[in-house]
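The values are calculated or read from the model by the stated rules, or taken from the named source; none is laboratory data. These figures come from a predicted structure and were not determined experimentally. With ideal geometry, Cβ positions are generated from the backbone for all residues, glycine too; neighbour counts draw on all protein chains shown.
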Amino acid sequence: MRTQLIVTMVLAISIFGGCTTVEKSATVGALSGATVGGVVGHQYGDGVKGAAIGGLGGTFAGMYLGRDKKKSEYEKGFEAGYKQGQSDYAKVAWDQKTGKCSGTKSINTNNQ
């Protein structure tokens, strides 16, 4: 009994060790859904099919609910940097398309 508890704890720590919030929620949802689905499926004669359907439904529910949870500082910083990079790229592309140099006025060569 004690060995099973230790193995369970090691597996839980390894599963959740490097996961993001969404991955953790999806894993918890999958395990919960598979458990409930297995129990309900067993009542109707096919526990394996019930566990598979419950696990799949639980995964999607966990992913959906996990995306709204509090993000870590790393995730917030990554998202902010990604948005800043998109903004910088759009500005450079716009300046190149319109012939403007960033920080200077455009020179009109038609008026001599």
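The condition of being buried (at least 19 other Cβ atoms within 10 Å of the Cβ) and among the β-branched types (Val, Ile, Thr) does not hold for Thr35. Listed by position, the helices (runs of 4 or more DSSP H) inside the range 1-108 whose residues that are over 14 Å from the mean Cα position of the chain (by Cα) and at pLDDT 80 or above number at least 2 are 21-43, 47-66, 73-98.
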